[in-house]
Amino acid sequence: MLRRKHPDKQVQLWAQDEARLGLQPILRRIWAPVGKQPYCDHKRGYQWVYLYHFLRPSTGDSHCLIMPTVNNEAMSLALENWIQDLPQAEDKILVLLVDQAGWHMSKKLRVPENVVLYPLPPYTPELQPVEASWPLFREPLANRFFAQLDDLVVCLIHRCRWLADHPELLRARCAWQWLIHAENPA
């Protein structure tokens, strides 16, 4: 339907979600020599940030934004930042898969003209491709001690940049067949 309405514009399928990451330690099992007890410094903290992740599953293209909260205003800013980062975004119709969080469905949300929010059914994280990318973001944080939130944010920034430079990893994890077909129908 979008292709018929806008035959001159390319339609791209993207997905977006947020993850809360903070000073709560992420502990993982690790290999250790027989008889040796592995050791990991950690301290439980109660500060966090939210990682807004925009992902184009068919290519693995990724856009990340680290924000202090999730709400209508933060989501509006994230959408604006994402659009500004996309080359020639105004020449495309961007279909964005989102869950039904309140800040995704709010009438107060400022959605750019060429973005169409497509809400997934409630309680179906298995349909959200971004959900499959979270382990790639959390792994460098596992078994690490962060004295303050700024240290964690620096680590997240490096990871976001690294994943943006390696889209094949995100594509391999998140490019499900039905998504590829939805963007490029035969």
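The values are calculated or read from the model by the stated rules, or taken from the named source; none is laboratory data. None of the values given here were measured: they were computed from a predicted structure. FYI the Cβ positions are ideal-geometry reconstructions off the backbone, even for glycines, and counts take in every protein chain you see. Areas reflect the complete protein model, heavy atoms only, side chains present, ligands, DNA and RNA absent. Shrake-Rupley method; radii C 1.70, N 1.55, O 1.52, S 1.80 Å.
For the reader, a short list of remarks on this structure follows.
Residues checked against (1) over 19 Å from Gln47 (Cβ atoms); (2) hydrophobic (A, V, I, L, M, F, W, C); (3) out of contact with any Pro (no Cβ under 6 Å at 6 or more places or on another chain); (4) part of a helix (DSSP H, G or I):
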position: Glu131; (1), (2), (3), (4): yes, no, no, yes
position: Arg138; (1), (2), (3), (4): no, no, yes, yes
position: Arg144; (1), (2), (3), (4): no, no, yes, no
position: Val153; (1), (2), (3), (4): no, yes, yes, yes
position: Arg159; (1), (2), (3), (4): no, no, no, yes
position: Ala164; (1), (2), (3), (4): yes, yes, yes, yes
position: Leu169; (1), (2), (3), (4): yes, yes, yes, yes
position: Ala172; (1), (2), (3), (4): yes, yes, yes, yes
position: Ile180; (1), (2), (3), (4): yes, yes, yes, yes
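- Entry remark, region 104-160: residues being touching a residue at least 60 places away in the same chain (Cβ under 8 Å), open to solvent by 20 Å² or more (accessible area, probe 1.4 Å) and of a type in the set (Val, Ile, Thr) number 3 in total.
- Flag set for Trp48, criterion: over 14 Å from the mean Cα position of the chain (by Cα), within 19 Å of Glu139 (Cβ to Cβ) and of a type in the set (Phe, Trp, Tyr).
- Cross-chain or 6+ apart pairs with Cβ under 7 Å, region 74-87 first and over 14 Å from Gln12 (Cβ atoms), then open to solvent by less than 70 Å² (accessible area, probe 1.4 Å) and hydroxyl-bearing (Ser, Thr, Tyr): Ala78/Tyr52
- Restricting region 70-98 to residues that are part of a loop (DSSP other than H, G, I, E, B) and open to solvent by 50 Å² or more (accessible area, probe 1.4 Å), the residue that is farthest from Glu183 (Cα to Cα): Asn71
- Checking each residue in region 26-70 for being farther than 27 Å from Gln84 by Cα and in contact (Cβ under 8 Å) with a residue 40 or more places away in the chain picks out Ile26, Leu27, Arg28, Ile30, Cys40, Asp41, His42, Lys43, Gly45, Gln47.
- In region 19-52, residue least open to solvent (accessible area, probe 1.4 Å) [restricted to those that are of a type in the set (Phe, Trp, Tyr) and in a loop (DSSP other than H, G, I, E, B)]: Tyr46
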